[in-house]
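Notes to accompany the following structure.
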Amino acid sequence: MHAHFGRAGVWMAAAGLLATPLFAHHSFAAEYDATKPVVLKGVVTKVEWMNPHAHFYIDVKDESGKVTCWDLETGSPNALQRAGWGRNSLKSGDEVTVSAFRAKDGSNLANARTIHLADGRSVFAGTSGDGAPVSQK
């Protein structure tokens, strides 16, 4: 009886996992607007290297000196590593210019496409999901 209960428990746990998403994965089109490109220049304040998408945050100063923090989403850490990135490719304090697409809700969230580093290198940020534009003009 114990073995039968054990198998039933495993099946119940598996069914629970299948019914609950492990990560809040979404498509590009669900959250971002391909008709709203933005270029942001600022200083990296934080990098989150985690699944399903890596994020980095930059402080952007406008003409009046007001600083706004932006959350920039990239592809998965695995996709970034395949593109030549590492955990320390982008660090707090780095000055960057980011080509991205704004969130549909108008928040300071964007899907990063290309990151231009202060030393002149440019790196592709991957894509955060289906529906992302192939290239940005």
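Just so it is clear, none of the values below were taken in a lab; they were calculated from the coordinates. Keep in mind the model is a prediction, meaning the values are calculated, not measured. Reconstructed Cβ throughout: ideal geometry from the backbone, glycine too, with neighbour counts over all protein chains shown.
Residues being among the hydrophobic types (A, V, I, L, M, F, W, C) and under 14 Å from residue 47 (Cβ atoms): count how many of those fall in the stretch 58-101. Going through the stretch 58-101 one residue at a time, the tally reaches 9. Taken over the stretch 62-110, residues that are within 17 Å of residue 51 (Cα to Cα), among the basic types (Lys, Arg) and surrounded by 12 or more Cβ atoms within 10 Å (Cβ to Cβ) amount to 1.
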